[in-house]
Amino acid sequence: MRRVAATLLIVACLVAGRAHANAANYGGTLRLITTAGSGSFDPQINYTERYWEIFQAMYDGLVTFAKTSGPGSLVIVPDLATEVPKPTDDGKTYVFHLRRGIKFSNGEPVTVQAVAHSFRRLFKVNNPNAGTWYDVIVGGRTCNAHPHHCTLSGVVIDAASNTITIHLRHPDSEFLDQLAVPFGAILPADTPDHDMGTQPIPGTGAYMVKSYDPSGGIVMVRNPQFHQWSRLAQPKGYPNEIDYKFGLSAESQVTAVENDQYDWMFEDVPADRLNEIATKYTRQVHINPLNWFYYAPMNVNIAPFNNKDARLAVEYAVNRESMVKLFGGNALAKPDCQILPPEMPGYQAYCPYTEHPGATWSAPNWPLARAYMKKSGMIGQHVTVITEVQSPFRQIGIYLQDVLNRLGFVADVKPLSSNIEFNYIQNTNNKVQISVTDWAQDYPAASDFLNVLFSCGSFRKGSDNSINISGFCDPAIDTEMAHAETLSLLHPNQANAIWSHVDHQITRRALVVSLFSVAKLDFTAATLKHFTFSGEYMFLPQLAVVK
Amino acid sequence: MSEVSATDRDIAPPAPGYWAMAGRKLLRDRAAMISLAVLVIIALMCAAAPWYAAHIAHTNPFRSNLSGTVMRHGKPVEVLGAANNPLHLGIEPIGPSWRLGPYMLGADQQGRDVAARLLYGGGNSLIISFAAAAVCLVLAAITGILAGFFGGWVDRIISWLLDALWAFPVFLLAISLSVVLIAHGIDLGLFRLDASSLALPITIIGVIYVPYVARPVRGLVMGLRQSDYVLAAIGIGAPAWRILWFDILPNVISALVVFAPLIIALDLLTEAALSFLSIGVQPPAASWGTIIHDGESLIYTRPMVAIAPGLAIVITVLALNILGDGLRDALDPRAKLRN
């Protein structure tokens with residue numbers, strides 16, 4: 001039923017899209033601006049929102065998320081494959097038929113050999129998720145252990161029928177989601193098996209890189225080999241050129257977009273400019289929901305938060321509405337108590353940590369907070385809040401410090417550089433007690449929040465990449481999540497009910513202080529028309545009209 | 001009787017000492033005296049911060065007040081209110097009332113009284129800069145005097161250490177030390193400094209400027225070492241400590257006094273820079289640098305949060321520099337040659 005509704009939504013989007021698809025809209029140069037580049041330009045390595053937003057216009061996978069706005073943007077559609085395959089063999093086998101006649105921007109044809117090479121390359125270049133997502137492919141574990149000798153026996157190609165058969169070790173309801181993100185890009189068969197760094201790799205998308213300067217910016221032009229095979233998978237795009245410049249602070253970006261020097265800015269609009277843009281440039285402000293939440297993980301393995309009463313005291317004391325103020329107000333953020341954001345499958349509103357427990361947060365419950373604090377015996381315990389130096393993290397950290405001091409802890413706050421904070425708080429060697437961070441979806445699945453952030457497998461002692469920051473591990477909950485993942489493929493409603501149960505269980509364990517879920521604000525120039533926001537890729541630059 | 005009186009008249013009054021003459025010169029320097037008065041007023045205002053917070057601002061400037069209200073024109077107003085625009089975007093801290101009372105200079109992003117924090121922050125900034133200057137001058141005096149007086153391998157080792165310290169750009173060194181030490185402080189067994197202690201920035205800032213004072217002190221002592229009275233003292237077998245204490249140190253102190261205001265001013269600027277970068281004074285404690293940092297994200301809507309501490313730094317540093325000029329004119333006669 002969900003898929004039918006989504007298809008109808010896509011059709012509606014397509015009809016709406018056609019209204020813009022007249023010749024007058026094509027052409028011009030789209031000017032984007034950000035503070036800095038994001039490292040390697042290799043789509044199988046780079047794991048940043050900044051580059052994923054443009055990779056989706058340059059590269060294609062076998063499948064992709066529909067390049068449209070609204071709920072339809074979270075639906076997987078065929079891209080280089082002719083259709084989205086239904087899994088067979090109890091969900092363990094996928095057969096993809098490759099489209100014919102598609103070429104990379106360097107003129108090479110897209111072949112099944114290129115597909116197989118791209119899958120093997122994921123392991124050879126140490127893709128960040130090779131060990132957590134793609135090792136479900138038969139042979140994936142061996143490839144992880146010995147990447148240079150990776151043959152990936154689970155990927156079987158047949159040049160005659162132009163098919164790729166992928167065998168999995170077990171059913172995985174999120175396998176298609178994981179193929180649809182830019183990591184799943186199909187690259188030429190002769191692409192070297194190492195990080196290509198600043199050298200762009202030819203793709204099949206509507207645009208290709210003309211020049212890339214890691215400290216200056218990117219110039220993207222139309223791919224001469226491209227022809228539109230699916231408007232939803234890879235639309236032709238309106239601008240003839242996309243210039244992505246680096247080097248302006250967020251404050252300067254706002255001014256530049258106001259003055260029509262750039263069409264769109266990547267960074268969030270600083271809090272002190274929100275009133276200005278909402279007052280003077282109302283029509284240029286775009287607010288869209290996003291699966292993204294801010295939270296404060298509490299380390300359940302060291303004092304004082306190895307004591308559940310101490311954690312509960314913090315949960316009841318935090319004023320989520322105040323936190324929302326620090327982010328810019330209710331138009332951009334909503335108070336939250338649970339892990340799953342409101343738009344996520346499996347979400348059922350739940351908030352036990354408030355004055356009137358129920359579906360939503362209403363006010364802090366200080367009497368209960370103080371009672372739990374007294375019960376915990378942790379009064380006078382020293383606590384350090386680790387946060388990022390930039391806004392709003394620093395402000396949230398200072399507020400948390402205030403709450404902890406009022407509870408009876410002796411708290412201080414350490415704002416660290418944004419470059420190191422996220423890894424620092426993950427490493428158990430740093431003995432971080434409580435920190436402030438955020439998490440946004442890779443793709444719309446409850447497991448991307450619950451499994452990734454709270455499973456035993458995500459907790460690695462002494463590692464900078466231990467995303468289970470609370471250090472929580474309960475094999476019973478892991479089993480329940482594994483069951484939900486198995487059910488997701490054939491019984492999504494049952495799976496969602498389990499995810500909801502897990503979400504509420506984890507919330508009741510008080511492992512993190514869930515603060516608020518946020519919406520994404522984009523600020524565009526007055527001359528930019530047809531702003532399109534995808535729930536997966538966010539701003540779709542190729543669908544903007546600048547002429 | 002009359003003879004006695006005549007004899008008394010013939011006896012000239014004792015000549016004023018070096019410090020008395022310098023004091024008189026300084027008192028005649030109007031600019032230096034005004035600067036000194038300004039510094040005293042600033043120090044007294046900062047010392048009165050607890051009283052101001054309790055009796056005038058009626059607030060705890062170290063506690064967040066995100067959901068509080070304050071009376072303005074007889075009506076309760078949110079300290080952090082929603083901005084008035086069609087999209088309901090943004091939150092604005094309450095602005096300055098410009099009257100003695102709560103939120104005279106407005107609120108920061110945590111809803112705290114900026115005026116009260118300015119006074120507390122000034123106290124911390126002045127404590128750090130004066131204490132760091134004291135650390136710097138004492139260390140510089142010890143190293144400079146030892147190197148200049150004893151020469152030989154003592155001089156070589158000390159000079160090598162000072163050169164090594166001098167080789168680093170001063171702000172780069174300060175930032176590097178702060179970044180390294182900010183997470184866990186210093187723990188050298190008996191010598192421990194907590195990361196949130198003011199002693200940490202005092203130590204860092206104090207140490208980084210030592211070569212800038214020790215070098216001139218060393219040069220001065222090398223000259224004094226060859227003077228007749230020191231050579232005579234050595235000749236009659238006076239112990240080294242006695243020569244250093246009674247003959248060298250008194251001559252070095254005047255140079256250190258001239259350096260003091262300039263080093264304090266430098267320390268004040270360095271502290272502000274480190275705190276602005278979040279590697280100096282740690283929240284919720286304030287310094288003028290941390291308040292400027294807080295105000296950076298409010299520069300378009302509530303510029304006073306950043307401007308007020310900025311002005312305080314400018315006035316204090318200007319006063320210190322003018323006082324330093326006055327002290328140099330008073331204590332160093334050669335400076336007259338420049339006029």
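The values are calculated or read from the model by the stated rules, or taken from the named source; none is laboratory data. No experiment lies behind these values; they were computed from the predicted model shown. We place every Cβ from the backbone using ideal geometry, glycine too, and count neighbours over all the protein chains shown. These area figures cover heavy atoms from the full protein model, side chains too; ligands, DNA and RNA do not enter into them. Shrake-Rupley method; radii C 1.70, N 1.55, O 1.52, S 1.80 Å.
Listed by chain and number, the aspartates and glutamates placed with their C-alpha closer than 17 angstrom to that of residue B:25 are B:325, B:329, B:332; residues fewer than eight positions away on the same chain are left out. Here the accessible area is traced with a 1.4 Å probe on the protein chains. For chain A, carbon and sulfur cover 53 percent of it.
The mean count of C-beta atoms from other chains within 10 Å of the C-beta of residues in A:273-283, rounded to a whole number, is 5. Accessible surface for the protein assembly as shown, divided over its residues, is 42 Å² per residue with a 1.4 Å probe. For residue B:247, neighbours were defined as the other residues whose beta-carbon sits under 12 Å from its Cβ, and their charges (Lys and Arg +1, Asp and Glu -1) total +1.
The aspartates and glutamates whose alpha-carbon is closer than 13 Å to the alpha-carbon of residue A:210, local same-chain residues fewer than 8 away aside, are A:241, A:243. Spherically averaged projected area of the convex hull of Cα atoms, region B:70-204: 13.6 nm².
From a point 7 Å beyond the Cα of residue B:195 in the direction of its Cβ, which residues of region A:421-459 have a backbone N at a distance under 17 Å? Output list for this probe position: A:421-437. Within chain B, the whole DSSP H helices whose Cα atoms reach 18 Å or more along their own axis and whose mean Kyte-Doolittle score is at least -1.0 are B:30-47, B:114-150, B:152-166, B:210-225, B:249-276, B:304-331. Per-residue ellipticity at 222 nm from helix content only, as computed over chain A with -39500 (n - 2.57) for each DSSP H run of at least four residues, stands at -9000 deg cm²/dmol.
Other residues whose C-beta falls under 12 angstrom from the C-beta of residue A:117 contribute a net charge of 0, scoring Lys and Arg +1 and Asp and Glu -1. For residue B:161 and residue B:222, a Förster radius of 25 Å and the Cβ-Cβ distance give a FRET efficiency of 0.90, rounded to the nearest 0.05.
Express in nm, to one decimal, how much length is gained between residue A:210 and residue A:113 on full extension, taking 0.36 nm for each residue of separation and deducting their alpha carbon distance. Intermediate values should be presented prior to the final figure.
Numbers: separation 97, 0.36 × 97 = 34.92 nm, distance 2.62 nm.
In short, 32.3 nm is gained.
A crude spin-label estimate for the pair residue A:29 and residue A:219, with each label 7 Å from Cα along the Cβ direction, gives 0.7 nm.
For peptide A:322-334, the mean count of partner chain Cβ atoms within 10 Å of a residue's Cβ comes to 5.
Whole-Hz Karplus values for region A:95-102 come out as 10, 9, 9, 7, 5, 9, x, 9 Hz, taken residue by residue from phi with 6.51 cos²θ - 1.76 cosθ + 1.60 and θ = phi - 60°; glycine and proline positions read x. What the Cβ-Cβ distance of residue A:363 and residue B:311 gives, at R0 = 51 Å and to the nearest 0.05, is a FRET efficiency of 0.80. In this rough spin-label picture, where each label sits 7 Å from Cα along the Cβ direction, the residue A:249-residue A:303 distance is 4.3 nm.
Here the translational diffusion coefficient of the protein assembly as shown follows from Stokes-Einstein with Rh set to the Kirkwood radius across Cα pairs; for 4 °C and 1.567 mPa s it amounts to 41 µm²/s.
Chains A and B together bury some 3000 Å² of accessible area, summed over both sides, with a 1.4 Å probe.
The lysines whose alpha-carbon is closer than 30 Å to the alpha-carbon of residue A:414, local same-chain residues fewer than 8 away aside, are A:308, A:325, A:334, A:374, A:375, A:431, A:461, A:520.
A simple spin-label model places pseudo-atoms 7 Å from Cα toward Cβ; at residue A:355 and residue A:148 they are separated by 6.5 nm. Compared with the dominant principal axis of the Cα atoms in chain A, helix A:366-376 is inclined by about 80°. Be a star and scan region B:269-287 for residues whose amide nitrogen sits under 20 Å from the point 7 Å along the Cα-to-Cβ vector of residue B:138. Of the residues in region B:269-287, B:271 have backbone N under 20 Å from the label point off residue B:138.
Using 1/(1 + (r/R0)^6) with R0 = 35 angstrom and r between the beta carbons of residue B:47 and residue B:188, what's the FRET efficiency to the nearest 0.05? Computed FRET efficiency for residue B:47 and residue B:188 comes out at 0.60. Across peptide B:88-99, the average count of Cβ atoms from other chains found within 10 Å of a residue's Cβ is 5.
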